[in-house]
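The values are calculated or read from the model by the stated rules, or taken from the named source; none is laboratory data. The model shown is predicted, which means the values in this text are computed figures rather than measured ones. Ideal geometry is used to build each Cβ from the backbone, glycine not excepted, and the neighbour counts take in all protein chains shown.
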């Protein structure tokens, strides 16, 4: 859709505008960005995530974002400058800017100069950030229609974008604009290769992926939404995109969108009130039918396009972008007036009942709850509210401690103390966060009992700087689809004392099925071992997208029970395992296994240091990859990995790249 036929007419103007925005982009990536002074979409909603089929804000409330898409930044950069972006943010009240970067050389896109285009996108992200808008980075693949042609280039591009902007809370990644002429299975395969590249840098970012038939859920390629519903991408925090042009796409397209809306997460990243070329007469009646439906389902949208090209789908009259007046409706075409009115209407951004940007609004102040007895701790765990800190005095707290309360993204609940604040159990779980999201546990010691810290059905739990030891089974367990959890800077040793080989240091997911989707867990900079009676880290089938980095493993204590003969065993998909060191294993260093069909695949191992001195097992490989298949179950062993002692870096037949 929207195929360019105006390249020659605007080439000189675009070249001048590109030079201007490149200067601006370079400056904005080095100068400090001032925080927006008024409430903005980003300051209210914070980091977004996908909850069910909706896009949700930091308060876990579904929201609808509304905004504009740029035209191709190679042609209409002069329409994306300070005056126009100020108007978009403050006059139009847009929530989101879609940054459309064409890819193909034949469309004057990224392939012609990857460095230039990447820098342009960096600059536009900074400009959106200054104005408190979300930045949707659009890999505008169009012709050819198979996104797999660009897989390597997409990985390179998104790796840099994610690395540079990973600490921002307003970035959304759109990895395939309009796949066409290619079956959904191939689009899915592409997505499952590119998404781990983003997740390795920015585990929280929401990712969009286009659907078949120019993102029509397959309708324009004579397919239906069932292709996606029945074979979704193996990734979390993901939405699927839908495009429509109201003068061309009536009931067949609308009905596909309607059927899919309650089954998969959707975002309309492109639409127009005209025909599918973005030109011709406006069909405002059918456009309104679409927008009313999208509002009822809280499906976000960006309109095509924020430029002054000659077609009716561009919001500005021709020649407007040569000047600096973008707020007067006299500069808008008919479609521009119509869409501006629909963006400007009040947003419905539900929060937790307070507006964090309004200093005059009364709030329930956070409290520090000082605790010195087990009874006080149990009471605090049942009464804490978002933002509270439970502070443990040094001493021993005997019992099993549990909470079911949740904090929020902007106001997590904290449980903190020194290593001399010791939770001691004689059975069961030392600390159980059961459905308790947005907790931060730091500094304390947990010992005794069956398991140390159990996280069940919770999201974004942070375990930082704790000591866990003296347990019958696992040290720390993320279970029952606990997502985006992190354990870092912690010491875990002396686990698995019941001798059954079930004393893993950190255990993610559940064995024996695929229902436990404890995805995107990060295990960072910990010391695990000695005397851990199982693998230091066990990543179960059904889980994916996590990162294990910077840890130190000591395998003294491996028993051989339940096949525990390595530091890490990966049975989930798409993990990144990097910068770890290990010593004292009985057999291998790192392993992958396929416990369920299609699992144990996609992991990347890089820059890990394995000391296999003294290993006596049959393998004695730094990496024992038991399920490798170049086409269906690829595992990447980077040449930056090293081995001391042992037999070889990998078992036979595994490539090192």
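Which of the residues spanning the stretch 445-481 are part of a loop (DSSP other than H, G, I, E, B) and either surrounded by fewer than 24 Cβ atoms within 10 Å (Cβ to Cβ) or within 21 Å of the chain's Cα centre (by Cα) (or both)?
449, 450, 457, 458, 460, 461, 465, 470, 472, 473, 480, 481
Does the stretch 49-71 hold any residues that are modelled with pLDDT of 95 or more and in a loop (DSSP other than H, G, I, E, B), and which are they?
63, 64, 65, 70, 71 - these are the residues of the stretch 49-71 that are modelled with pLDDT of 95 or more and in a loop (DSSP other than H, G, I, E, B).
Scan the strands (runs of 3 or more DSSP E) fully inside the stretch 522-571 and keep the ones with 1 or more residues being touching a helix residue (DSSP H, G or I) at 6+ places or on another chain (Cβ under 7 Å). Step through it out loud before you land on a result.
Values: elements: 522-524, 537-539, 547-549, 552-554, 568-570.
Per the criteria, 547-549.
Scan the stretch 81-93 and report the pairs whose first residue is on the phi > 0 side of the Ramachandran plot and whose second residue is crowded, with 17+ Cβ neighbours inside 10 Å and in a helix (DSSP H, G or I), with Cβ atoms within less than 9 Å and a gap of 6+ or a chain change.
Pairs that qualify, where the first residue is on the phi > 0 side of the Ramachandran plot and the partner is crowded, with 17+ Cβ neighbours inside 10 Å and in a helix (DSSP H, G or I), are 93/41; 93/343.
Can you say whether residue 584 is more than 21 Å from residue 191 (Cβ to Cβ) and assigned by TED's automatic domain parsing to the domain that holds residue 507, as far as the supplied structure shows? Give the derivation first.
Working: more than 21 Å from residue 191 (Cβ to Cβ): yes; assigned by TED's automatic domain parsing to the domain that holds residue 507: yes.
In short, yes.
Any chance the stretch 164-174 includes a residue that's modelled with pLDDT under 95 and out of contact with any helix residue (DSSP H, G or I) (no Cβ under 8 Å at 6 or more places or on another chain)?
The answer is yes, given that some residue of the stretch 164-174 is modelled with pLDDT under 95 and out of contact with any helix residue (DSSP H, G or I) (no Cβ under 8 Å at 6 or more places or on another chain).
What is the residue count in the stretch 185-214 for residues that are over 9 Å from the mean Cα position of the chain (by Cα) and part of a strand (DSSP E or B)?
2
Can you find, within the stretch 277-303, the residue that is surrounded by the fewest Cβ atoms within 10 Å (Cβ to Cβ) among those that are in contact with a helix residue (DSSP H, G or I) (Cβ under 8 Å, 6 or more places away or on another chain) and under 19 Å from residue 100 (Cα atoms)?
The selected residue is 300.
What is the number of the single condition among (1) modelled with pLDDT of 95 or more; (2) in contact with a strand residue (DSSP E or B) (Cβ under 8 Å, 6 or more places away or on another chain) that residue 598 does not meet?
Exception for residue 598: condition (1).
With touching a residue at least 40 places away in the same chain (Cβ under 8 Å), surrounded by 20 or more Cβ atoms within 10 Å (Cβ to Cβ) and not assigned by TED's automatic domain parsing to the domain that holds residue 631 as the only criterion, which of 194, 219, 207 stands out? Give the steps one after another, and end with the answer.
On the way: 219 fails: touching a residue at least 40 places away in the same chain (Cβ under 8 Å); 207 fails: touching a residue at least 40 places away in the same chain (Cβ under 8 Å).
None of the others qualify; the one that does is 194.
Provide a single number: the residues in the stretch 163-184 that are in contact with a strand residue (DSSP E or B) (Cβ under 7 Å, 6 or more places away or on another chain) and assigned to a helix (DSSP H, G or I).
Filtering the stretch 163-184 down to residues in contact with a strand residue (DSSP E or B) (Cβ under 7 Å, 6 or more places away or on another chain) leaves 165, 170-178.
Now drop any that are not assigned to a helix (DSSP H, G or I), which leaves 165.
Residues meeting the conditions: 1.
Got a number for residues in the stretch 482-510 being surrounded by fewer than 22 Cβ atoms within 10 Å (Cβ to Cβ) and in contact with a strand residue (DSSP E or B) (Cβ under 9 Å, 6 or more places away or on another chain)? Spell out the reasoning first.
Initially, the stretch 482-510 is screened for residues surrounded by fewer than 22 Cβ atoms within 10 Å (Cβ to Cβ), giving 486, 488-489, 491, 493-494, 497-501, 510.
Narrowing further to those that are in contact with a strand residue (DSSP E or B) (Cβ under 9 Å, 6 or more places away or on another chain): 486, 488-489, 491, 493-494, 510.
Residues in the stretch 482-510 being surrounded by fewer than 22 Cβ atoms within 10 Å (Cβ to Cβ) and in contact with a strand residue (DSSP E or B) (Cβ under 9 Å, 6 or more places away or on another chain): 7 in total.
Which condition breaks for residue 411 when tested against (1) crowded, with 18+ Cβ neighbours inside 10 Å; (2) modelled with pLDDT of 90 or more?
(2)
Considering only residues of the stretch 572-582 that are surrounded by fewer than 22 Cβ atoms within 10 Å (Cβ to Cβ) and not in a loop (DSSP other than H, G, I, E, B), which is modelled with the lowest pLDDT?
Our first condition is that a residue be surrounded by fewer than 22 Cβ atoms within 10 Å (Cβ to Cβ); within the stretch 572-582, this holds for 578-579, 581.
Those left that are additionally not in a loop (DSSP other than H, G, I, E, B): 578, 581.
Working: 578: 93, 581: 98.
Top of the filtered list is 578.
Can you find, within the stretch 589-600, the residue that is nearest to residue 528 (Cα to Cα) among those that are buried (at least 22 other Cβ atoms within 10 Å of the Cβ) and touching a residue at least 40 places away in the same chain (Cβ under 8 Å)? Outline the logic, then answer.
Quick first cut of the stretch 589-600, residues buried (at least 22 other Cβ atoms within 10 Å of the Cβ) only: 589-592, 599-600.
Add one more test, that the residue is touching a residue at least 40 places away in the same chain (Cβ under 8 Å), and what stays is 589, 592, 599-600.
Values: 589: 14, 592: 19, 599: 25, 600: 22 Å.
Out of the qualifying residues, it is 589.
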